[in-house]
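These notes concern the structure reproduced below.
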Amino acid sequence: MIKRGITLLTVLVLAMAVMPADAQPIKIGFASSLSGPFTAWGINVRDGMKLAIAEVNEKGGVLGRPLELVERDDKNNPAEGITTFKFLVEREGIVAGGGVISSGVGLAVAREAEALKVPYFLTMSGSHGITKKSSRYTFRTCLPAAPTVLEPIAEMIKDRKYTRVGAIFADYEWGHALKASFEKFIVPLPGVKTQIEVAPVPEKDFTPYLRKMQALDPELIVATGHPPGNPTITRQSAELGMKTLVVGSWYPPEFFVQRAGDAVFDRYVDFSCGDIASPAYQKLAEKFHATYKRFFDHNAFSGYVIVRMVADAIRQANSADPKAIAAALRTGKFAYEGYGWTLSYTESGDMKGVQPTLYTFEKGSPPGGINPGANWRPKVLFRSPPSQPYVPTE
């Protein structure tokens, strides 16, 4: 019996306090969206991280210590993101964190990560202003920087010999960056006619913009620069009888099918950082679905590789110190079965040799157990050759 008002909980807390450091968990932070417009993205990142942590711990952890995931919701708000990341670093003692979706949040928190000197991972934050020449603790994992996003589309246009390409961009930072990318990689292609339209971010009716393109009769419409409009552009182009593919903005596939309906089939094209046709990807996707009852999309895969990279960087550095982890990340190469490319980094944390898969949707049951009960499956359209890394200008 424990006396003098000392509770069993107090004893356990005191015991934990005197445990040797190498017996305590190594904490990794999920600091991304669990509410707001990017919830579907954020939940998949988090659960991909959970899957990887379970796998690492099943094999004995890292340096004899288990990994532990600590979750915080950035609420898709830059100020909340900063508060969240500082809390995870200063109060929870994480050695790395991230999985962020919003470019606005990523831009704000990356500055904090650099000041705190703790590795911070981006999943879908594509703003090229996030990484600077001086960045040493910010790393991209899935979506490359905006100025290079459309390079794979240019390669697909050349490969499939398209000659008529339209584009719709949103009137905000991401849209402007993608417009510049379109003008750099696609407009100069020999023999390719292009047409650009710019629409407000909250636009709900794209038929006026699509009708302007009907004279061009595009084989491809690049809607990557207007993420909110992707489902509507896809659906309304079908309603207008346009025989065109529509390239989207790295949407979670399940979420997009729900929003766009049958218009997705053999019409909508999107990106993935997974090699979705490979047996290794399908095996991992089956494992993810068995646990979380959702499709293993690129966001989930990003979360998965964040944890795997942190674990491998700790092993390479033989240290769980955040500075040592960041140094190992910048100098190492990280290859994971089923991922689209080997992850390696420039000094600024931008990815080298990005090779996204471009896929469309077809009707039919998906293979194996990757998405039981669904009436759709991804179909690979094009595998991009390695692209050049983004180089910050300042």
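What follows draws every value from the coordinates through simple rules; no lab data is involved. The shown structure was predicted, so the numbers you read here are calculated from the model rather than taken from an experiment. Here the Cβ positions follow ideal geometry from the backbone for every residue, glycine too, while neighbour counts run over all protein chains shown.
In a solvent-free Debye calculation with one equal scatterer on each Cα, what is log10 I(q)/I(0) for the chain at q = 0.08 Å⁻¹, listed in the order of the q values? Rounded to two decimals, the profile gives -0.42.
Find the Cα radius of gyration of the range 335-394, compare it with 2.2 N^0.38 Å by division, and give the number to two decimals. Intermediate values should be presented prior to the final figure.
On the way: Rg = 15.9 Å, N = 60, 2.2 N^0.38 = 10.4 Å.
Here the Cα radius of gyration is 1.53 times the empirical estimate.
What is the order of 171, 205, 275, 74, fewest Cβ neighbours within 10 Å to most? Could the numbers behind the result be given before it?
Numbers: 171 15, 205 11, 275 21, 74 30.
Taking fewest neighbouring Cβ atoms as first place, the list is 205, 171, 275, 74.
Applying 1/(1 + (r/R0)^6) with R0 = 41 Å to the Cβ-Cβ distance of residue 92 and residue 205 gives a FRET efficiency near 0.35. A helix-only calculation puts the chain at -12000 deg cm²/dmol for mean residue ellipticity at 222 nm, using -39500 (n - 2.57) for each DSSP H run of at least four residues, averaged over all residues.
For the chain, the longest principal axis of the Cα atoms and the long axis of helix 322-331 meet at an angle of about 40 degrees.
Computed from label points 7 Å out along Cα-Cβ, the spacing between residue 255 and residue 333 is 3.3 nm. By its C-alpha gyration tensor, with a ≥ b ≥ c as the square roots of the eigenvalues, how is the range 127-208 shaped: rounded for a/c under 1.5, else prolate for a/b larger than b/c, else oblate? Oblate is the answer for the range 127-208, as a/c is 1.5 or above yet b/c matches or exceeds a/b. Hey, quick one: spin label on residue 189, modelled 7 Å out along Cα-Cβ, who in the range 151-178 has an amide N within reach, i.e. under 12 Å? In the range 151-178, the label zone of residue 189 (backbone N under 12 Å from the point 7 Å along Cα→Cβ) covers 151-167. Placing unit charges on the Cβ atoms of the charged side chains and taking the dipole of the range 237-380 about its Cα centre, the candidate lying farthest along the positive direction among 344, 368, 316 is 316. Using only Cα atoms, tell me the angle between helix 173-185 and the longest principal axis of the chain; keep it within 0 to 90° and round to the nearest 10. Roughly 60 degrees between the two axes.
For a quick check: sort 105, 95 by the number of other beta carbons within 10 angstrom, fewest at the front. It would help to have the intermediate numbers written out before the result.
Values: 105 29, 95 23.
Least to most surrounded, the residues fall as 95, 105.
Too long at a 20 Å Cα-Cα cut-off: which of 27/50; 75/323; 117/352? As for pairs spanning more than 20 Å Cα to Cα, those are 75/323; 117/352.
Please work out the FRET efficiency for the pair residue 243 and residue 280, using the Cβ-Cβ distance as r and a Förster radius of 35 Å; give the result to the nearest 0.05. Numbers along the way, then the final one.
Values: r = 35 Å, r/R0 = 1.01.
Efficiency for this residue pair is about 0.50.
With respect to the chain, whose longest principal axis is taken over its alpha-carbon atoms, helix 279-292 is tilted by about 60°. Expressed to the nearest 5 percent, the antiparallel share of DSSP beta bridges inside the chain is 30 percent. How many angstrom separate the Cα center of the range 28-76 from the Cα center of the range 188-236? Cα centres, the range 28-76 to the range 188-236: 36 Å.
So which trypsin sites (Lys or Arg not before Pro) in the range 219-278 end up in coil per DSSP with only 12 or fewer other C-beta atoms within 10 Å?
Of the trypsin sites (Lys or Arg not before Pro), the ones in loops of the range 219-278 whose Cβ has at most 12 other Cβ atoms within 10 Å are 243.
In straight-distance terms, cross-link reach from residue 158 covers every one of the aspartates and glutamates whose alpha-carbon lies under 19 Å from its own, apart from those fewer than eight places away in the same chain; here that gives 183, 217, 219, 270.
Give the order of 273, 142 when sorted by the count of other beta carbons within 10 angstrom, beginning with the fewest.
The order, fewest Cβ neighbours first, is 273, 142.
Springs between alpha-carbon atoms under 10 Å, Gaussian network over the chain: tell me which of 139, 38, 271 tops the mean-square fluctuations. Of 139, 38, 271, the Gaussian network model singles out 38 as fluctuating most.
Largest GNM mean-square fluctuation across 57, 44, 371, computed for the chain with C-alpha springs under 10 Å, falls on 57.
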